[in-house]
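Some notes on the structure that comes next.
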Amino acid sequence: MKLFKSLLVAPATLGLLAPLSATANEVTINDFNPAEELAVTNSRVDGLEARLNNFEAGGFSDTTTASMSAQFVLEATDENTSSEKAIFSYQFGMDLSTSFTGEDSLDLTIETGNAAGPNYLGLNDSSTFGDTLKVDGIAYTFPLGEKTTITVGDAVDASANFSTACSYSALLDYVSDCGTGSSAGAGGDVGISAGYDVGNGFTVGAGLSASDGATTSGILTKEGTDIYALQMAYATDSYGVSVSYADNDVDTFWGVNASYTFEDTALPSISVGYESQDDADISTEKNQIFVGLTFSEVGAGSLSLGMNTTGLTGGSDTDYYYYEASYSYPLNDGMTITPGVFVKEKAADDETGIVLSTTFSF
């Protein structure tokens, strides 16, 4: 009997609940507005997209590139029994470059190292870093018309846009100047340099810079020392010639460089340089010479042989020379090994050295 009553009551109860359920469903559907909810969602998506765009705008430009290199140098020298030594030196450098138009370039160099003298492969500048990362220069290069290139900034040499005729790859820093370090390699600090492509292989370069250490006095001031430099050069696929001039308010320098590359790779490319110095306070003219040979294909690498006067000399000065030989070969795409030997002539005992350099590029 109880079961029979339950069966009768159940349909009646369901009948009463059905209208209530329909009413509840009606209220829920009526409260939901698809158009309004979609508008809110789209607004949130637009806001998120705007934030992403702002983030991209504040990030690195697509034209910003970074290149880094580390160099380890092991050098053993022997001058006499009291000066034998073995030295390990290093240098690390990072170059950041950004272009805004595709034709210009903003360049920043950061370096560190611990070299202590000129007899180091590419490490002479690092003697001032003291194992501390420092900004070694910042410059902006841009075209002016179709044939002129301008470079301005800090640590800009007056010769920054010169086209010196030298193809020699040096072991020692001093020899790397190709014998014309004060003219074709006129240095400086804060400065401006320009290069002009005349056409048919002819180029002209000019620059003005304050000498190292004179930046607080500025350029073209009585307190500062300015460097003026000018160069004319001519180059073809096989040979080139350049004539350079520089003035540092006290001395004037003239430099001549020439290079020739044979079609036969078994023969070396030849680079020569001559530089003279005229001191306003001294009547004696000083000069130096350089000769370098580079065999570009010797086994897996290249062989370089060079000779350079140890300094500008004249009058009764005795000429002394650097002699060097090095072999450079790539161990892989990012690592180059360069063993070499050098002799530096001196008034007493000559200094001889063995150098092993390892350069990492990444």
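The values are calculated or read from the model by the stated rules, or taken from the named source; none is laboratory data. All values reported here derive from a predicted model rather than from experimental measurement. Using ideal geometry, Cβ is built from the backbone for each residue, glycine included, and neighbour counts are taken over all protein chains shown.
Looking across the range 132-147, the residues that are within 19 Å of residue 112 (Cβ to Cβ) and in a loop (DSSP other than H, G, I, E, B) come down to 132, 133.
Across the range 256-274, a minimum of one residue is classified as part of a strand (DSSP E or B) and without any contact (Cβ under 8 Å) to a residue 60 or more places away in the chain.
Taken over the range 265-308, residues that are of a type in the set (Val, Ile, Thr) and either at pLDDT 95 or above or on the phi > 0 side of the Ramachandran plot (or both) amount to 5.
Yes/no matrix, rows are residues, columns are (1) at pLDDT 90 or above; (2) of a type outside the set (A, V, I, L, M, F, W, C); (3) surrounded by fewer than 24 Cβ atoms within 10 Å (Cβ to Cβ):
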site	(1), (2), (3)
166	yes, no, no
178	yes, no, no
196	yes, yes, yes
200	yes, yes, yes
206	yes, no, yes
209	yes, yes, no
216	no, yes, yes
230	yes, no, yes
233	yes, no, yes
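Scanning the range 309-351 for residues being of a type in the set (S, T, N, Q), in contact with a Ser or Thr (Cβ under 9 Å, 6 or more places away or on another chain) and modelled with pLDDT of 90 or more gives a total of 4. When you check residue 196 against the structure, is it under 16 Å from the mean Cα position of the chain (by Cα), among the aromatic types (Phe, Trp, Tyr) and either under 28 Å from residue 288 (Cβ atoms) or not in a helix (DSSP H, G or I) (or both), yes or no? So residue 196 does not fit the description; no.
Out of 187, 201, 240, report the one residue that is in contact (Cβ under 8 Å) with a residue 12 or more places away in the chain and under 28 Å from residue 108 (Cβ atoms). Before you say what the answer is, go through the steps one by one.
Details: 201 fails: under 28 Å from residue 108 (Cβ atoms); 240 fails: under 28 Å from residue 108 (Cβ atoms).
Of the residues listed, the single one that is in contact (Cβ under 8 Å) with a residue 12 or more places away in the chain and under 28 Å from residue 108 (Cβ atoms) is 187.
Across the range 312-362, what is the total count of residues that are assigned to a loop (DSSP other than H, G, I, E, B), out of contact with any Gly (no Cβ under 9 Å at 6 or more places or on another chain) and in contact (Cβ under 8 Å) with a residue 40 or more places away in the chain? Count: 5.
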